[in-house]
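**Student:** Let me give you the structure first, and then I'll get to my questions.
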Amino acid sequence: MLDRLDHALRARPERPAVLTTTRTGATRVRATRGELAGLSDAFAAALHARGLRAGDTVGVAVRPGPRALAVLLALWRLGLRGAVLDPGAGAEVLRARLALARPSLVLADAAAQAVAGWARPLARRARLALPDLAELGPVATVGPRLPGCAPGLDLGAPLAGVPRAGSSDGDAVIVFTSGTTSRPRAVVHTRAGLAAGMETVSALFAAARPDEPVLGGTFFVLVPALTRGAPVALPARSPRVLARQLRRLRPQDTYLTPPQLRDALGAGARFGGRVWTGSAPASAELLGRVREAGAAQAWGVYALTELFPAAAVEAREKAAFEGPGDLVGAPLPGVRAERDADGQLLLSGPAARDRYLGEEPDPWVRTGDRARLDGAGRIVLEGRSKDMVLRRAENIYPGLYEPALHVPGVELGVLVGVPAGDGDERLVAVVQPRRGVGEPALRAALSQPLRGMGTARPDALVFARIPLSGRSRKPDRPATAALAATLLGRGGGA
């Protein structure tokens, strides 16, 4: 698909490719299709002129947008392997991760270099940190330079003689995921696997109309949409501006993470067309709110760094599900789902990662999710294996019961274990109310769902804003458990 995108960009160079918005929600063209193709050519020529060849690794610390996409297209053309650097992972973890990847060059925009340098104290407040990028390898600046930035790439290098990797396979991208500083884990996707994942995403959007805008900022949204001719608008960061952007743009497809959706709904956003969300759990209640806000369809996508996407479910199907656990839908075409002896979900398919860096290839992705397959072959999650709470010698998997917490008025709800002595734990429901919803009303609304949990009924219910972590902004369970323990210590739970 990346090869098809390259041809598609050049076929209609005058058309808008990447859009942004003003504070009023008005649309601006950030880059045309021709400008994106030209920037990709310039990056490819510059990297080739520096002596980089197929199989070399390039670290990428560039904010989402036209430059980041052009860099990835250039890496694809040359057969280079991109190692995506996430400033939300922390400097020490990234330093350990990059020691595994050993980049021949690090491409960074001025913002990334500021996070690693003079703006480090300010960036820490936003929980962003990068090591000194020069420790990782030679650094080149992508985009405008600021004082103290590394030299920029030579974008005047000739394109003549720059090769194309063609149909040859090999590593395409490294994305760092779980693991500690001492044992970092890095997911390696091959060119064939990356292409298969994008084809699956494109099939989900198959009924969409070309030329009508799509709202979303991820690589897996940008590439399929641009390939079929649709311009892509990068979501505004401010929820209020995002709500205005949605009203003015009226995208045919919208992809936002669950936290972005919750914030947008809180700002009064209205939707249209199809809305897709993933990267973190999306409850039936959240998807239902999106449909109530005008969406024709609201889809939850089950995806992992190791396999994107794996399954999808529409709001109405999810709302009709009455069994225990979290329905995430039927496996998408080509995806195989099985359970191991401990009930952990295993996935396999053409889009699955090839291996973890430094390890042997493995066709099965161990998701870490407990799950079952229902009579229709759909995946029903029952919680994270490592999130198990041990209470009175009983194993309780929070994901099996957390969907019941998402009654109207609940923004987010999780179950966590708080140490109770002698190796036992108290099970605590931590609920984040929607703005303007009172705790007494929520306590009453939750009374029946909590009683319905039977032996897994929580020992306490507390109301608080749930901490989020990682690039996907999932609930930070250790931090939430610590918060629950603090609130209970103050007598804040009942």
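The values are calculated or read from the model by the stated rules, or taken from the named source; none is laboratory data. Keep in mind the model is a prediction, meaning the values are calculated, not measured. With ideal geometry, Cβ positions are generated from the backbone for all residues, glycine too; neighbour counts draw on all protein chains shown. We work out accessible area using only protein heavy atoms, side chains counted, and drop any ligands, DNA or RNA first. Shrake-Rupley method; radii C 1.70, N 1.55, O 1.52, S 1.80 Å.
**Student:** What whole-number value in cubic angstrom gives the convex hull volume per residue for the C-alpha atoms of the range 219-363?
**Tutor:** Convex hull volume per residue, Cα atoms: 138 Å³.
**Student:** Follow-up question, since we're still on this one. When the accessible area of the chain is split by element with a 1.4 Å probe, what percent falls to carbon and sulfur?
**Tutor:** Its accessible area is 52 percent carbon and sulfur atoms.
**Student:** On alpha-carbon atoms, Rg over Rh for the range 339-428 using Kirkwood Rh? If you can, show how the numbers build up before the last one.
**Tutor:** Values: Rg = 16.3 Å, Rh = 15.3 Å.
Result: Rg/Rh = 1.06.
**Student:** Moving to a separate point now. Kindly report the accessible area of the range 1-103 per residue (heavy atoms of protein chains, probe 1.4 Å, no ligands, DNA or RNA), in Å².
**Tutor:** The answer is 40 Å² per residue.
**Student:** Classify the range 7-156 as rounded, prolate or oblate from the Cα gyration tensor: take a ≥ b ≥ c as the square roots of its eigenvalues, call it rounded if a/c is under 1.5, otherwise prolate when a/b beats b/c and oblate if not.
**Tutor:** Details: a/c = 2.05, a/b = 1.23, b/c = 1.67.
Verdict is oblate for the range 7-156.
**Student:** Report the extension gain between GLU199 and SER168 in nm, rounded to one decimal, defined as 0.36 nm multiplied by the number of residues separating them, less their alpha carbon distance.
**Tutor:** Fully extending the segment from GLU199 to SER168 adds 9.4 nm.
**Student:** In square angstrom, what is the accessible area per residue of the range 276-351 with a 1.4 angstrom probe? Present the calculation step by step, with values, prior to reporting the outcome.
**Tutor:** Numbers: 2860 Å² over 76 residues.
The answer is 38 Å² per residue.
**Student:** Here is a follow-up. Per 10 Å bin, what is the whole-percent P(r) computed from every C-alpha pair distance within the range 340-494?
**Tutor:** With a bin width of 10 Å, the distribution comes to 10, 34, 33, 17, 6, 0.
**Student:** Given a Förster distance of 56 Å, report the FRET efficiency between GLU439 and ARG336 from their Cβ-Cβ distance, rounded to the nearest 0.05.
**Tutor:** That gives a FRET efficiency of 0.80.
**Student:** Moving to a separate point now. Sticking with the crude label model, points 7 Å out along Cα→Cβ, report the distance from ASP362 to SER447 in nm, one decimal please.
**Tutor:** Going from the ASP362 label point to the SER447 one covers 4.8 nm.
**Student:** Using only Cα atoms, find the angle between the long axis of helix 239-249 and the longest principal axis of the chain, and express it within 0 to 90 degrees, rounded to the nearest 10.
**Tutor:** The helix 239-249 is inclined about 60 degrees to the chain.
**Student:** Calculate, in nm to one decimal, what ARG457 and LEU155 gain on full extension: separation in residues at 0.36 nm each, minus their alpha carbon distance.
**Tutor:** 102.6 nm
**Student:** Under the rule of -39500 (n - 2.57) per DSSP H run of 4 or more residues, summed and divided by the residues of the chain, what mean residue ellipticity at 222 nm is obtained, to the nearest 500 deg cm²/dmol?
**Tutor:** Helix contribution divided over all residues of the chain: -9000 deg cm²/dmol.
**Student:** While we're on this one: How about the range 11-101: which GluC sites (Glu not before Pro) there lie in a loop by DSSP and see at most 13 other Cβ atoms within 10 Å?
**Tutor:** Taking the range 11-101 and a limit of 13 other Cβ atoms within 10 Å, the loop GluC sites (Glu not before Pro) found are GLU14.
**Student:** Can you give the FRET efficiency for LEU346 and THR22, using 1/(1 + (r/R0)^6), R0 = 45 Å, r = Cβ-Cβ distance, to the nearest 0.05?
**Tutor:** My answer for the efficiency is 0.45.
**Student:** If you count, for each residue, the other Cβ atoms within 10 Å and average over each peptide, how do 189-200, 290-301, 140-151 line up from highest to lowest?
**Tutor:** Answer by packing, highest mean first, reads 189-200, 290-301, 140-151.
**Student:** Let me ask something additional. Please state the charge dipole magnitude for the chain, taken about the Cα centre, from unit charges on C-beta atoms (+1 on K and R, -1 on D and E), reported in debye and rounded to the nearest 20.
**Tutor:** Roughly 1600 debye for the chain.
**Student:** Taking a ≥ b ≥ c as the square roots of the Cα gyration tensor eigenvalues, with a/c under 1.5 meaning rounded and otherwise prolate when a/b beats b/c, else oblate, which class fits the chain? It would help to have the intermediate numbers written out before the result.
**Tutor:** On the way: a/c = 1.68, a/b = 1.53, b/c = 1.10.
Prolate shape, in that a/c is at least 1.5 and a/b is the bigger ratio.
**Student:** Among THR455, GLY148, LEU194, flag the residue with its Cα farthest along the positive direction of the charge dipole of the chain, charges on Cβ as +1 for Lys/Arg and -1 for Asp/Glu.
**Tutor:** Final value for the positive-end residue is GLY148.
**Student:** With everything on Cα atoms, drop me the angle between helix 2-11 and the longest principal axis of the chain, reported from 0 to 90° to the nearest 10.
**Tutor:** Here the helix axis deviates by roughly 60 degrees.
**Student:** Would you mind pulling out the separation of the Cα centroids of the range 301-319 and the range 219-298, in Å?
**Tutor:** 15
**Student:** Something else now. Between GLU322 and ARG247, what is 0.36 nm times their sequence separation minus the Cα-Cα distance? Round to one decimal in nm.
**Tutor:** 23.6 nm
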